[in-house]
């Protein structure tokens, strides 16, 4: 959710009442909509972090390795510069 907040500047589900209905929707897999201006590589990592199975989510080390590669090793740098 922190990644989503960084791309939108908003809190997740800010426009929805925070009640038991929302809790059940989140349990059923509801996630905030990813904005169109989010770089694809960033959106893909965010979706992996949202996996309902904690064992399938990337570790902190894996997230660090991916973000390091974005910044220093790959052409994703251009995607981030073009994002609003």
Some residue of region 30-52 being in contact (Cβ under 8 Å) with a residue 40 or more places away in the chain, part of a loop (DSSP other than H, G, I, E, B) and surrounded by 13 or more Cβ atoms within 10 Å (Cβ to Cβ): yes
Residues of region 53-67 satisfying the condition of being touching a helix residue (DSSP H, G or I) at 6+ places or on another chain (Cβ under 8 Å) and in a loop (DSSP other than H, G, I, E, B): 57, 58
Options 15, 33: the member that is more than 19 Å from residue 67 (Cα to Cα) and over 10 Å from the mean Cα position of the chain (by Cα): 15
Boolean, residue 21 is out of contact with any strand residue (DSSP E or B) (no Cβ under 6 Å at 6 or more places or on another chain) and in a helix (DSSP H, G or I): yes
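We did not get these values from a lab; they are worked out from the coordinates using the rules stated. The structure presented is a predicted model; accordingly, all values stated were derived computationally and were not measured. Please note: Cβ atoms are built from the backbone with ideal geometry, for glycine as well, and neighbour counts cover all protein chains shown.
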